[in-house]
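Report on the structure given below.
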Amino acid sequence: MSILVTGGAGYIGSVVVERLINSGQRVVVLDNLSTGYRQAIHSEAEFLLGDIRDLSCLEHVFSHFKIDGVIHMAAKALIPESITDPAPFYDINLMGGIKLVDTMVNYGVKRIIVSSTAAVYGQPDSIPIDESTTTNPMNSYGETKLSFERTLYWYSRAYGFEVTIFRYFSAAGASINYGEAHIPETHLIPRLLLSALKGTSEAEIYGTDYDTQDGTCLRDFVHVIDLADAHIRALEVPNISGFRVYNMGSGTGYSVLDVVDKVERITGKKLQRKFLPRRNGDPARLLASSAKAIHELEWKPTYQSLDDILVSAWNWHCRFPNGYQK
Ligand SMILES: NC(=O)c1ccc[n+]([C@@H]2O[C@H](COP(=O)([O-])OP(=O)(O)OC[C@H]3O[C@@H](n4cnc5c(N)ncnc54)[C@H](O)[C@@H]3O)[C@@H](O)[C@H]2O)c1
């Protein structure tokens, strides 16, 4: 199969592309490199520098390559920015996504796997969160992802699209060659690891008065390789049709302070805890039930422990202390 991966130069995209190529697929990456890196794209993938909002660029991709399916990961994804400046989130995550699927309709490509997010649930009443939990986003990032999901629901009904939506919880970890390198880095695990590796050795903790065991936010971390493999399962599973939504998590929750403790143990570095006010748009507890993906896709996550996730990320950061920058 020939798979178009939008956002294939980004953190999760780079590992998805690597796993696709290792499983024998032909891969075309479309990425505008706004937050991704040329060096993060596997050398065997075809790379096109371009934007999903650019119709002529989309036309070029679908007319030059025989695309069998699309894994759509390109997005704006910084939650704090989505609260202060929602316009680009609507422009890229919703309108850009619609341009992509409209081009797919024109070229008769009907299979799409989409990166969505736990942010569509907002602050759930109870955990674990399964796919029937009420959606109620707390920020425009979650709202735009949910709107695009709903668009695809109607496209699947009207145009016979085969849609798989993956609502990722917190992606973490690295493969040997590809890892997380955002600028600015807002995600907890790379921030802590970089702080231990070469920074101030400070652990910034946002909010200590949440309704959790130690007052800090509770999160569910899923290894990026397990996430990538779920996409491959979704391509492989026979008779998949219509519109399907799957939560992607490990099913185990860790508080921010749990993660700080584990990072100290794995890196051997003491981190100075710096307690700060809550950030806008952070729900107290996010914990997934991924039973549906495990059952229907026969998805077998292999990294069950946070220690394993942290070790893989630490190894990557030690090997590439400047990420993808020289
Ligand atoms: N990282 C997480 O924990 C997490 C959690 C939930 C959902 N997601 C979703 O997973 C996907 C990948 O996330 P990530 O952490 O790898 O982010 P990332 O920023 O590392 O990757 C996004 C990629 O998309 C590209 N891109 C952005 N806008 C584009 C555009 N208009 N046209 C073409 N390319 C564009 C960027 O250059 C980048 O390479 C996103 O859709 C994100 O919303 C991520």
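The values are calculated or read from the model by the stated rules, or taken from the named source; none is laboratory data. What you see is a predicted model, and the numbers here were worked out from it, not measured in a lab. Reconstructed Cβ throughout: ideal geometry from the backbone, glycine too, with neighbour counts over all protein chains shown.
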Checklist entry - Within the stretch 109-146, how many residues are part of a loop (DSSP other than H, G, I, E, B), of a type in the set (Gly, Ala, Ser) and in contact (Cβ under 8 Å) with a residue 24 or more places away in the chain? => result 1
Item to check | Options SER170, SER175; residue that is in contact with a Phe, Trp or Tyr (Cβ under 8 Å, 6 or more places away or on another chain), within 12 Å of the ligand (Cβ to nearest atom) and small (Gly, Ala, Ser) | outcome: SER170
Checklist entry - What's the number of the condition ARG53 fails, among (1) closer than 22 Å to LEU152 by Cα; (2) at pLDDT below 95? => result (2)
Checklist entry - What do you reckon, is SER156 at pLDDT below 95 and surrounded by fewer than 20 Cβ atoms within 10 Å (Cβ to Cβ)? => result no
Next on the checklist: Of all residues being free of Cβ contacts under 8 Å to residues at least 40 places away in the same chain and more than 10 Å from the ligand (Cβ to nearest atom) in the stretch 82-102, which is farthest from GLY50 (Cα to Cα)? Just the residue, please.
Outcome noted: THR84
Item to check | From the options GLU185, GLU202, residue that is in contact with a helix residue (DSSP H, G or I) (Cβ under 7 Å, 6 or more places away or on another chain) and free of Cβ contacts under 8 Å to residues at least 12 places away in the same chain | outcome: GLU185
Checklist outcome for this item: Selection from the stretch 122-153 of residues surrounded by fewer than 19 Cβ atoms within 10 Å (Cβ to Cβ), touching a Leu at 6+ places or on another chain (Cβ under 8 Å) and over 22 Å from ILE98 (Cα atoms) yields ILE127
Checklist entry - Taking the stated definitions as given, is SER170 farther than 22 Å from ALA77 by Cβ and surrounded by fewer than 23 Cβ atoms within 10 Å (Cβ to Cβ)? => result no
Checklist entry - Got a sec? Which strands (runs of 3 or more DSSP E) wholly within the stretch 1-79 have at least 1 residues that are under 20 Å from ILE183 (Cα atoms) and under 16 Å from the mean Cα position of the chain (by Cα)? => result 2-6, 26-31
Checklist outcome for this item: Residue hits (the stretch 235-264; touching a Gly at 6+ places or on another chain (Cβ under 9 Å) and free of Cβ contacts under 8 Å to residues at least 40 places away in the same chain) are none
Next on the checklist: Here's a check for you: in the stretch 20-37, which residue that is surrounded by fewer than 23 Cβ atoms within 10 Å (Cβ to Cβ) and touching a residue at least 60 places away in the same chain (Cβ under 8 Å) is nearest to ALA75 (Cα to Cα)?
Outcome noted: THR35
